[in-house]
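What follows is a short report on a single structure.
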Amino acid sequence: QVQLVESGGGLVQAGGSLRLSCAASGRTFSNDAMSWFRQAPGKEREFVAAINRSGGTTVYADSVKGRFTVSRENAENTVYLQMNSLKPDDTAIYYCAAKRAYTSTQVRDYNYWGQGTQVTVSS
């Protein structure tokens, strides 16, 4: 099994930046595809970004493309989400998720989830 712990959330003004981290433990990190999802109050959990096992392929939701960057350091068992040009609509709890092998943008495909970290963007 895999344990995931997110960190780096906080309160930031619109236009600002945050960098989220997700530390993984429990099995070989390099065998897992990793993703970030987010969920705002009253809304469904939605896909944000994904990265494949080697880090050579990334996928982004249209709403964050050009503003967010996902990366990973397999030697450190950590995945990151750099968030720039933040908007109030980005306010949500951000979750990292892991699955074996190939990337996916679907919540249902992920086996392991962190507890989330709150990101609040003020206007």
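The values are calculated or read from the model by the stated rules, or taken from the named source; none is laboratory data. What you see is a predicted model, and the numbers here were worked out from it, not measured in a lab. Positions of Cβ are backbone-derived with ideal geometry, glycine not excepted, and every protein chain shown enters the neighbour counts. When the accessible area is computed, the model is the full protein with side chains, heavy atoms only, and any ligands, DNA or RNA have been set aside. Shrake-Rupley method; radii C 1.70, N 1.55, O 1.52, S 1.80 Å.
Quick rundown of the values:
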| read-out | value |
| --- | --- |
| Restricting region 87-108 to residues that are part of a strand (DSSP E or B) and of a type in the set (A, V, I, L, M, F, W, C), the residue that is surrounded by the most Cβ atoms within 10 Å (Cβ to Cβ) | Cys96 |
| Count of residues meeting criterion [open to solvent by 70 Å² or more (accessible area, probe 1.4 Å) and either of a type in the set (D, E, K, R) or part of a strand (DSSP E or B) (or both)] in region 109-123 | 2 |
| Meets criteria (within 12 Å of the chain's Cα centre (by Cα), surrounded by 14 or more Cβ atoms within 10 Å (Cβ to Cβ), among the hydroxyl-bearing types (Ser, Thr, Tyr) and under 18 Å from Gly10 (Cβ atoms)) for Tyr80 | yes |
| Among (1) within 12 Å of Ala23 (Cα to Cα); (2) out of contact with any strand residue (DSSP E or B) (no Cβ under 6 Å at 6 or more places or on another chain); (3) of a type outside the set (S, T, N, Q); (4) modelled with pLDDT of 95 or more - the single one Arg67 does not satisfy | (1) |
| Test set (1) in contact (Cβ under 8 Å) with a residue 24 or more places away in the chain; (2) assigned to a strand (DSSP E or B); (3) surrounded by 15 or more Cβ atoms within 10 Å (Cβ to Cβ) - Leu11 fails condition number | (3) |
| Positions within region 50-77 being open to solvent by less than 70 Å² (accessible area, probe 1.4 Å) and of a type in the set (Lys, Arg), in sequence order | Arg67, Arg72 |
| Every residue from region 47-80 that is outside any loop (DSSP other than H, G, I, E, B) and more than 18 Å from Ser25 (Cα to Cα) | Phe47, Val48, Ala49, Ala50, Thr58, Val59, Tyr60, Phe68, Thr69, Val70 |
| Residues satisfying the stated conditions in region 14-43, i.e. open to solvent by 20 Å² or more (accessible area, probe 1.4 Å), part of a strand (DSSP E or B) and among the basic types (Lys, Arg) | Arg19 |
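Yes or no, residue by residue, for (1) touching a helix residue (DSSP H, G or I) at 6+ places or on another chain (Cβ under 7 Å); (2) acidic (Asp, Glu):
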residue	(1), (2)
Ala61	no, no
Glu76	no, yes
Leu81	no, no
Ser85	no, no
Arg100	yes, no
Trp113	no, no
